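The values are calculated or read from the model by the stated rules, or taken from the named source; none is laboratory data. Being a predicted model, the structure only gives us computed values, none of them experimental. Counting neighbours? That spans all protein chains shown, and the Cβs are built from the backbone with ideal geometry, glycine included. Keep in mind that these areas ignore ligands, DNA and RNA; they rest on the heavy atoms of the full protein, side chains included. Shrake-Rupley method; radii C 1.70, N 1.55, O 1.52, S 1.80 Å.
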Amino acid sequence: MGASERLLKELSTEDLDSYRNHLRLNKDQFEILLYRITTKIQKQDTVMRAALPARTKLEITLRYLGKLKY
């Protein structure tokens, strides 16, 4: 479990405002979005390496998009 994973797990249980600020979605919205796109973004593990989980991919994407300057 990486630092980002631990941070988001802690925020989702202890500080919902910071969680929402971090990902720009509340916990329920994130879970709904994850449920809807998991089959589209989840890859298979290979002999060479384990695939990134869909949850991690979505967290990275939302964090990146939330930090863009328009």
Helix 54-66 vs. the chain, principal-axis angle (Cα, 0 to 90°, nearest 10): 40 degrees
Can you sort Ser12, Ser4, Ser18 by solvent-accessible area, 1.4 Å probe, largest first? Ser4, Ser18, Ser12
Per residue solvent-accessible surface (Å²) - the chain, probe of 1.4 Å: 83 Å²
For the stretch 20-68, what relative contact order do you get, as a whole percent, if you take Cα pairs closer than 8 Å and at least 6 residues apart? 43 percent
Once the piece of chain linking Gln44 and Lys9 is laid out straight, how much longer is it, given 0.36 nm per residue of separation minus the C-alpha distance between them? 10.2 nm
With +1 on each Lys and Arg Cβ and -1 on each Asp and Glu Cβ, and nothing else charged, work out how big the dipole of the stretch 29-70 is about its Cα centre, in Debye to the nearest 20. 180 debye
So Tyr35 and Asp17, fully extended at 0.36 nm per residue minus their Cα-Cα distance, gain in nm 4.3 nm
Treating the angle as unsigned and between 0 and 90°, give the value, to the nearest 10°, between the Cα long axis of helix 27-41 and the longest Cα principal axis of the chain. 20 degrees
What residue among Thr13, Thr38, Thr56 has the largest mean-square fluctuation in a Gaussian network model of the chain, using Cα springs under 10 Å? Thr13
Round to a whole number: what % of the accessible area of the chain belongs to carbon and sulfur, probe 1.4 Å? 55 percent
The list [x] 110; [y] 173; [z] 91 gives values of volume of the Cα convex hull per residue in Å³, and only one came from this structure; which label was calculated from it? [x]
